[in-house]
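To start, the structure itself, in structure tokens.
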Amino acid sequence: MILQDYLQSLRGKRVAVTGIGVSNRPLVRLLLEAGIDVTACDRKGREALGGLAEELEAAGCKLRLGEGYLEGLDHDVIFRTPGLHPRFLDAAKARGSVITSEMEVFFDVCPCPILAVTGSDGKTTTTTVIARLLQAAGHTVHLGGNIGHPLLSEAPVIQPADWAVVELSSFQLLTMCKSPQIAVLTNLAPNHLDIHTDMDEYIQAKAAVLDYQTPSCSAVCNWDNEITRELSQRTAGKVFYFTRNSDRMPPRGCFLREDAIWFQDGGHERAVLPLADILLPGTHNIENYMAAICAVQGLVSDDTIRAFARTFAGVEHRIELVRTRRGVRWYNDSIASSPSRTIAGLRAFPEKVILIAGGKDKGVSYAPLGPVVNDHAKLLILCGATAQAIREAAEGAANWQGMEISEAPDYPTAVAMAEQRANTGDVVLLSPASTSFDRFKNFEERGRVFKELVMALPE
């Protein structure tokens, strides 16, 4: 089925789109331009939407705004925004509504192979590396999904020989009934438990990236992560694994040996990428490269991989070097919205850092973070609703030795405190281990505010 056929099937039906944030606006406009009866639903009121409300109404869109925006929905088709748990649409489904999403429809109409990346950590970097490698090898690539770029409206220009590379969140996968031709599962750890009913639901959502694969498909899974290793048995496709443990070489895939990433399949081994060629700091980024190398086997040459790694400096808000000032390096790791992500960030540095952390709670335990903070931080500056939980995790850990912990009411104060205490050779790392929603719209805004504050420090 092509996109125009799908849009034709919606004519004469009442369609609702839940959530009209940045990712869903192209969808609403696509539906309106196709002459479809569209109702856009959002918890925000008209005033909060600003001129967008008038713009959509002028284009023929109906609006349902405010706290009761989901009440009584009975449209023929409802597009669920990824951040809305499907259970909130159970009543509409019981009334006969078909529940779908922008990404689910894209999987139905995309004319080219899809390579999808999911996991708890490392999704965006791995997705970006894969897309850039394919482009460097001469492939036409359409990059999107949870990485921030909706792809459905671009389907008409995608050619069968192209590649669609998408990052998928657990929320996008919750109701997915199709899998990509190549699936990458970076790792799994407790995450988003403030929205998922429990850890099992989170795992089952991620497993959808594998569950509908056929024997012609392939999957890439983390050999070192017990959950992803077990989930790998659910695909009907060929599985590649990656491991950073050199004495636990997987049956097929990437492993470390002699300061290089090696690849082996069917007993044939070869060195692909010297670790010295990787610009990105941290063991977790070595894992991201191993996952990417497995994913692009047969599509990208080893020479292309090496040339790319020597020049790729990373993705914004992911251990991003903001500035070196008076011998102090300032890093923005605002993407770290979970303890496991901050643990990876802390382990990326050989020296002890000044850590700025805290934000909104996701319903996960901070206990695993405490020992790592004690081992890798010289000063902990806490800011946000999870400050007390992170403090208790550090002070309650067996390796607690009285590290200084300070609390700041806001980011300007936190940056000022770090600037006052930092000496030449120090690293200041923003890695919140929490979501941004207590103070910011998203982690990108949080990272930008931090960068602006750092760049405003006098020379």
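Heavy-atom surface analysis with a 1.4 Å probe gives region 266-414 a carbon and sulfur content of 50 percent of its accessible area.
Translational diffusion coefficient of region 174-278 (Stokes-Einstein, Kirkwood radius from Cα pairs, 37 °C, 0.692 mPa s): 222 µm²/s. Applying the criteria of a DSSP loop state and at most 11 other Cβ atoms within 10 Å to the trypsin sites (Lys or Arg not before Pro) of region 1-68 yields Arg11.
With N counted as the residues of region 1-131, its alpha-carbon radius of gyration over 2.2 N^0.38 Å works out to 1.12. Against the criterion of solvent-accessible heavy-atom surface with a 1.4 angstrom probe, Val141, Val272 sort, most first, into Val141, Val272.
For region 227-302, which GluC sites (Glu not before Pro) pass both filters: DSSP loop (anything but H, G, I, E, B) and at most 16 other C-beta atoms within 10 Å? Spell out each step's value before the answer.
Values: sites: Glu230, Glu258, Glu269, Glu287; in loops: Glu258.
Those satisfying the criteria are Glu258.
Based on Cβ point charges of +1 for Lys and Arg and -1 for Asp and Glu, what charge dipole magnitude is obtained for the chain about its Cα centre, in debye rounded to the nearest 20? Intermediate results must be reported in sequence, preceding the final value.
Values: 46 positive and 55 negative charges, 48 e Å.
That gives a dipole near 240 debye.
Ordering Ala155, Gly51, Ala131 by the projection of their Cα atoms onto the charge dipole of region 48-170, which places +1 on the Cβ of Lys and Arg and -1 on the Cβ of Asp and Glu, puts Ala131 at the extreme positive end. Rounded to whole numbers, the Karplus 3J(HN,Hα) couplings from phi for region 167-174 are 9, 10, 8, 4, 5, 5, 7, 3 Hz, using 6.51 cos²θ - 1.76 cosθ + 1.60 with θ = phi - 60°, and x at Gly and Pro. Computed over the alpha-carbon pairs of region 89-200, the distance histogram in 10 Å steps reads 13, 43, 31, 12, 1 percent, short to long. Less than 5 angstrom separates the built amide H of Ser101 from those of Arg80, all sequence-distant by 5 or more or on a different chain.
Tell me, how many Å apart are the Cα centres for region 58-123 and for region 421-459? Region 58-123 and region 421-459 have Cα centres separated by 33 Å.
A 1.4 Å probe run over region 189-305, with the rest of the protein chains in place, finds 42 Å² accessible per residue.
Run the helix sum for the chain: -39,500 (n - 2.57) per DSSP H stretch of 4+ residues, divided by residue count, reported at 222 nm to the nearest 500 deg cm²/dmol.
Details: 17 runs with 150 residues, N = 459.
Only helices count here, giving -9000 deg cm²/dmol.
Each Cα pair of region 303-459 feeds into the Kirkwood radius, which the Stokes-Einstein equation turns, at 10 °C and 1.306 mPa s, into a diffusion coefficient of 102 µm²/s. Volume per residue of the convex hull around the Cα atoms, evaluated for region 240-326, comes out as 109 Å³. Surface listing: Arg421, Arg341 arranged by accessible area from highest to lowest gives Arg421, Arg341, probe 1.4 Å. The candidates Met249, Met455, Met176, arranged from most to least accessible area with a 1.4 Å probe in the full protein assembly, appear as Met455, Met249, Met176.
Could you check how much of the accessible area of region 30-126 is carbon and sulfur, as a whole percent, using a 1.4 Å probe?
Details: 1900 of 3930 Å².
The C+S portion of the solvent-accessible surface of region 30-126 is 48 percent.
Solvent-accessible area of Glu444, all protein chains in place: 60 Å² (probe radius 1.4 Å, heavy atoms, ligands and nucleic acids excluded).
Mind checking the per residue accessible area of region 94-182 for me, 1.4 Å probe, whole number of Å²? Present the calculation step by step, with values, prior to reporting the outcome.
Numbers: 2760 Å² over 89 residues.
In whole numbers, region 94-182 has 31 Å² accessible per residue.
Applied to region 267-283, the Karplus parametrisation 6.51 cos²θ - 1.76 cosθ + 1.60 on θ = phi - 60° returns per-residue 3J(HN,Hα) values of x, 9, 10, 7, 7, 9, 9, x, 4, 5, 7, 8, 6, 6, x, x, 4 Hz, with x for Gly and Pro.
Which of rounded, prolate or oblate describes region 217-266 when judged by the alpha-carbon gyration tensor and an a/c cut-off of 1.5?
Details: a/c = 2.85, a/b = 1.60, b/c = 1.78.
Judged from the Cα gyration tensor, region 217-266 comes out oblate (a/c at least 1.5, b/c at or above a/b).
The mean accessible area for residues of region 1-80, using a 1.4 Å probe and ignoring ligands and nucleic acids, is 48 Å² per residue. In this view, the solvent-accessible surface of Asp277, computed with a 1.4 Å probe and all protein chains in place, comes to about 30 Å².
The values are calculated or read from the model by the stated rules, or taken from the named source; none is laboratory data. On a predicted model such as this, the values are computed, not experimentally measured, just so you know. Cβ: placed from backbone, ideal geometry, glycine included. Neighbour counts: every protein chain shown. Ligands, DNA and RNA are excluded from the accessible area calculation, which covers all protein heavy atoms including side chains. Shrake-Rupley method; radii C 1.70, N 1.55, O 1.52, S 1.80 Å.
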